[in-house]
Number of protein chains: 2
Amino acid sequence: MSDFDFKAYLKERQAVVNKQLETILNSLDKERELTRAMAHSLMAGGKRLRPILCLAACEACGQDPVVALPAASALEMVHTYSLIHDDLPAMDDDDLRRGIPTCHKAFSEATAILAGDGLLTHAFQVLTRPGNLFERLPDPAVRLELTAILSEAAGVDGMIEGQMLDMLSQDRDAAALPSSLDHLEKIHTLKTGMMIKASVLSGAVSAGAGPDTQERLAVYAEKVGLAFQVKDDILDVEGDPAVMGKPAGSDEAKNKMTYPALMGLEPSKGYAEELVNEAVEALNNFDEKALPLRAIAEYILQRRR
Amino acid sequence: MSDFDFKAYLKERQAVVNKQLETILNSLDKERELTRAMAHSLMAGGKRLRPILCLAACEACGQDPVVALPAASALEMVHTYSLIHDDLPAMDDDDLRRGIPTCHKAFSEATAILAGDGLLTHAFQVLTRPGNLFERLPDPAVRLELTAILSEAAGVDGMIEGQMLDMLSQDRDAAALPSSLDHLEKIHTLKTGMMIKASVLSGAVSAGAGPDTQERLAVYAEKVGLAFQVKDDILDVEGDPAVMGKPAGSDEAKNKMTYPALMGLEPSKGYAEELVNEAVEALNNFDEKALPLRAIAEYILQRRR
């Protein structure tokens, strides 16, 4: 991996994703309050992990990543909607996100609810009516499959149920919960893991990959998704607030179940490393076009925010 | 229309829709808080106007309405999500809906936000992964078109923008707004009209109707959608609270722009009648299979809730 400049790759891909999201926003009336609220959160400088995973998976399957741009954009829009709704006063009640005011702080609670609804709904419009936004489009059956993958991962047996369980778990004494590590893993798989897996699979489906390839990429995605969440919990304990754009220790203050709380800080780090190794192993049959996917797995371990 | 028993038709179709929605809910884990909250609002005894319009349009195009059941179910789920979010304290702050406590009153605000998100997302899952819920399925291209129609009508250039404008208009002195009748019509077209049109078009698309037929049905739907909203405003002034399941005069109390407020009660009634006549005229080229569509237009004028 020595001759692969991951930092440059990441920067280039973030720029590609940002440009595409801006094109989508520009297709809406920018003077509207609703569009401004959606843009506030969508262009707030996220890592773009999901769309970049989607593009990298498409690339690993031997296709030009441009065919995965509709799916990549839709995934980031759905991710952003989930952040907007999770931040609401009735939910996690967060004032800051990515270093700037959350959507309901910058606008109003009602506008934030609608901006979230708008991003979620528009993601499906991007997949089904891409118009002239994208140069090369997969056929209807592929686009229908992308819509199905997204609605499953984001839905009531995926991300939404994960947020529901996460909320319910915060009200309880974590130590008193039976087999809480299993419960924590379940929450993460639902809340974060399924969307990460959907990102990788959407890239593969956009590329027209067969079931064997999809299965191997699914293993990669499951490991990477869990590693990402373990690392998130670690960063909340020892991350630099200036880099993260939010205060450290907020999980502990909220009595949230976390890996460091349940298994200790050092064992959590060991676990994250193990997961990343397993993720990279799942890519054994892929050629050098899977370099970015391998680098993303390593990056998840190294990241500071 | 004398030998057509509309009351019996409506009852039978409501039962078909309710059964289908129950089948969809049964495919989820019913013990979960999230499922219970979704079921609370979805099975609260709505009129099922949108799904019944969808089935009737399919029928008018000469097809067995069963092929339109996926679209009909998805439309009602999206309609119900919009009611749950509109009722939230940060939005219209309503305690009662269809005579029972609103979702956030029966559960919690956070649960209501997630239940709405869940219904919206699951609607797209129903269209894209119908599983064995539906016996006869349209092909992928048709299902992709249904997904596109739904995401457009419910999205940021449709229902969501309508709710946004509706909220903004409530804070103002209606009389001081320039050309407020135009503005009111715009809000209704976005907030209600586009979903009603989507309902009719989804039925036609499910039936495989051509562009000419779709265009005539679109005119019918536009007129019917507006008539429905004018009648809604009229009912808020003179409706029976016991029948409606909510207090009368709530629009006036909130300083909402309404047809009776802007053009007077009697002229509003005349306008609703005119619209329904135009809707029925648009069906001139259809045979007796369009009887239910004609009866629905008349029903909109007569309804008491």
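Going by the conditions given, is B:Ala110 aliphatic (A, V, I, L, M), in contact with a helix residue (DSSP H, G or I) (Cβ under 7 Å, 6 or more places away or on another chain) and not in a loop (DSSP other than H, G, I, E, B)? In short, yes. Looking across segment A:265-305, the residues that are assigned to a helix (DSSP H, G or I) and among the basic types (Lys, Arg) come down to A:Lys269, A:Lys289, A:Arg294. Under the condition of being polar (S, T, N, Q) and modelled with pLDDT under 95, the residues counted in segment A:1-19 number 1. Any residue that is in a helix (DSSP H, G or I) and of a type outside the set (Ser, Thr, Tyr) - is there at least one of those in segment A:89-97? No; the residues of segment A:89-97 include none that is in a helix (DSSP H, G or I) and of a type outside the set (Ser, Thr, Tyr).
Take the conditions crowded, with 24+ Cβ neighbours inside 10 Å and aliphatic (A, V, I, L, M) and apply them to B:Ala44. Does it pass? Spell out the reasoning first.
Details: crowded, with 24+ Cβ neighbours inside 10 Å: no; aliphatic (A, V, I, L, M): yes.
When the stated conditions are applied, B:Ala44 does not pass them.
Screening segment A:279-304 for residues that are surrounded by 15 or more Cβ atoms within 10 Å (Cβ to Cβ) and of a type in the set (Lys, Arg) and picking the one that is farthest from the chain's Cα centre (by Cα) gives A:Arg294. In segment B:72-114, the qualifying residues are those that are small (Gly, Ala, Ser) and facing chain A (nearest Cβ under 9 Å), and the one that is surrounded by the fewest Cβ atoms within 10 Å (Cβ to Cβ) is B:Ser108. With the requirement that a residue be within 21 Å of A:Ile100 (Cα to Cα) and under 19 Å from the mean Cα position of the chain (by Cα), what does segment A:13-40 give you? The answer is A:Gln14, A:Ala15, A:Val17, A:Asn18, A:Lys19, A:Leu21, A:Glu22, A:Met38, A:Ala39, A:His40. Taking B:Leu53, is it over 30 Å from A:Ser108 (Cα atoms), at pLDDT 95 or above and among the aliphatic types (A, V, I, L, M)? Against the criterion (over 30 Å from A:Ser108 (Cα atoms), at pLDDT 95 or above and among the aliphatic types (A, V, I, L, M)), B:Leu53 qualifies. A:Leu69 fulfils the conditions (1) away from chain B (no Cβ under 14 Å); (2) assigned to a helix (DSSP H, G or I); (3) surrounded by fewer than 22 Cβ atoms within 10 Å (Cβ to Cβ) except for a single criterion, (3). With respect to the conditions (1) part of a helix (DSSP H, G or I); (2) in contact (Cβ under 8 Å) with a residue 24 or more places away in the chain; (3) surrounded by 14 or more Cβ atoms within 10 Å (Cβ to Cβ), A:Met257 lacks only one, and its number is (1).
All conditions in (1) in contact (Cβ under 8 Å) with a residue 12 or more places away in the chain; (2) at the interface with another protein chain (Cβ under 9 Å from one of its Cβ atoms); (3) assigned to a helix (DSSP H, G or I) hold for B:Cys58, with the sole exception of (2).
Apart from one condition, A:Lys191 fits all of (1) buried (at least 20 other Cβ atoms within 10 Å of the Cβ); (2) modelled with pLDDT under 90; the exception is (2). Against the list (1) of a type outside the set (S, T, N, Q); (2) at pLDDT below 95; (3) within 20 Å of the chain's Cα centre (by Cα), the condition A:Val276 fails is (2). Evaluation of A:Leu34 against the conditions (1) within 22 Å of A:Pro140 (Cβ to Cβ); (2) of a type in the set (A, V, I, L, M); (3) surrounded by fewer than 24 Cβ atoms within 10 Å (Cβ to Cβ) shows that the sole unmet condition is (1). Total residues in segment B:61-101 satisfying the condition of being closer than 24 Å to A:Gly155 by Cβ, charged (D, E, K, R), out of contact with any His (no Cβ under 9 Å at 6 or more places or on another chain) and without any contact (Cβ under 8 Å) to a residue 60 or more places away in the chain: the figure is 1. All conditions in (1) under 16 Å from A:Leu293 (Cβ atoms); (2) part of a helix (DSSP H, G or I) hold for A:Lys47, with the sole exception of (2).
Applying the condition of being in contact (Cβ under 8 Å) with a residue 60 or more places away in the chain and among the charged types (D, E, K, R) to segment B:275-297 and asking which residue is farthest from B:Leu235 (Cα to Cα) yields B:Lys289. Counting only residues that are touching a residue at least 12 places away in the same chain (Cβ under 8 Å), under 30 Å from B:Met167 (Cβ atoms) and charged (D, E, K, R), segment A:21-55 holds 3 of them.
Does B:Asp29 satisfy the condition of being surrounded by fewer than 17 Cβ atoms within 10 Å (Cβ to Cβ) and over 28 Å from B:Phe107 (Cα atoms)?
no
Among the residues of this structure, A:Met167 does not count as one that is within 14 Å of chain B (Cβ to nearest Cβ), surrounded by 16 or more Cβ atoms within 10 Å (Cβ to Cβ) and at pLDDT 95 or above.
Please verify whether B:Glu12 is assigned to a helix (DSSP H, G or I), within 30 Å of B:Asp287 (Cβ to Cβ) and of a type in the set (Asp, Glu), treating the condition exactly as stated. When the stated conditions are applied, B:Glu12 passes them.
Screening A:Asp117 on (1) in a loop (DSSP other than H, G, I, E, B); (2) buried (at least 21 other Cβ atoms within 10 Å of the Cβ); (3) of a type in the set (Asp, Glu) shows it passes everything except condition (1).
Scanning segment A:1-20 for residues that are away from every other protein chain (no Cβ under 13 Å), hydroxyl-bearing (Ser, Thr, Tyr), touching a residue at least 12 places away in the same chain (Cβ under 8 Å) and touching a Phe, Trp or Tyr at 6+ places or on another chain (Cβ under 9 Å) turns up nothing.
Each row is one residue, and each column tells you yes or no for (1) surrounded by 15 or more Cβ atoms within 10 Å (Cβ to Cβ); (2) within 23 Å of B:Asp92 (Cβ to Cβ); (3) among the β-branched types (Val, Ile, Thr).
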{"residue": "B:Thr213", "(1), (2), (3)": "yes, no, yes"}
{"residue": "B:Tyr220", "(1), (2), (3)": "yes, no, no"}
{"residue": "B:Val224", "(1), (2), (3)": "yes, no, yes"}
{"residue": "B:Val237", "(1), (2), (3)": "yes, yes, yes"}
{"residue": "B:Pro241", "(1), (2), (3)": "no, yes, no"}
{"residue": "B:Asp251", "(1), (2), (3)": "yes, yes, no"}
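The values are calculated or read from the model by the stated rules, or taken from the named source; none is laboratory data. Since the model is a prediction, treat every value here as computed from it, not as a measurement. Note that we place each Cβ from the backbone using ideal geometry, even for glycine, and neighbour counts take in every protein chain shown.
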